[in-house]
Amino acid sequence: NVQIPLTCSASSTLDSNSDFSCENLYDNDFTTWQDNSLRCEDAWLEFEFANEVYIEFIVIHNSEKSASFKRNYKIRDLVVTSNLENQQIQRELENHNTEQWININETIKYLRIDVLSAYPGEEFNGQEPFQECAVQEIRFFGKDKG
């Protein structure tokens, strides 16, 4: 089952505009979260659930739209932490726009993703690259605790 966070927060949001907020990460739409032109530097995303949930894995999806995928910065290396002190998962994502899984297998109430490095934006059809870090979706798969 997909678990929907109660709230989210981000290190920054493009122009403090709700069009690019972290809520876009779990809206099942092409909308994206984008940082405030910081090229993913020191970027983080936090998610809190209403109750403790068992999360089997998360799925991170870069922008499906070619222009957005090519021109924006994308997460490369990341660290996932939670309210469990001993849990830290480090992963390198591939530079493509298909879904990528990260196994969690923990009962948590809170999850944080810290970006350690990024793939730079590229020119697309003569258009300059963007300075924003962008992610289209982060979905949480698991079940309610109990």
Tell me yes or no: at least one residue of region 43-60 is modelled with pLDDT of 95 or more, surrounded by fewer than 21 Cβ atoms within 10 Å (Cβ to Cβ) and part of a helix (DSSP H, G or I).
no
Does region 73-96 hold any residues that are within 15 Å of Cys40 (Cβ to Cβ), in a strand (DSSP E or B) and not hydrophobic (A, V, I, L, M, F, W, C), and which are they?
Tyr73, Lys74, Arg76, Asp77, Arg91, Glu92
Go through region 109-129 and count every residue that is crowded, with 21+ Cβ neighbours inside 10 Å, of a type outside the set (Gly, Ala, Ser) and more than 22 Å from Phe57 (Cβ to Cβ).
0
Residue count, region 34-55 (criterion: of a type in the set (Val, Ile, Thr) and more than 18 Å from Val79 (Cβ to Cβ)):
1
When both residues are 6+ apart or on different chains and their Cβ atoms are under 9 Å apart, which pairs have a first residue that lies in region 3-14 and is without any contact (Cβ under 8 Å) to a residue 12 or more places away in the chain and farther than 13 Å from Tyr26 by Cα, and a second that is outside any loop (DSSP other than H, G, I, E, B) and open to solvent by 40 Å² or more (accessible area, probe 1.4 Å)?
none
For residues that are in a loop (DSSP other than H, G, I, E, B) and either open to solvent by 70 Å² or more (accessible area, probe 1.4 Å) or of a type outside the set (D, E, K, R) (or both), tally how many sit in region 1-28.
10
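The values are calculated or read from the model by the stated rules, or taken from the named source; none is laboratory data. Keep in mind that this is a model prediction, so the values were computed, not measured. Because the Cβ atoms are built from the backbone with ideal geometry, glycine has one as well, and the counts that use them run over all protein chains shown. Note: accessible area is taken over every heavy atom of the protein model, side chains too, but ligands, DNA and RNA are not part of it. Shrake-Rupley method; radii C 1.70, N 1.55, O 1.52, S 1.80 Å.
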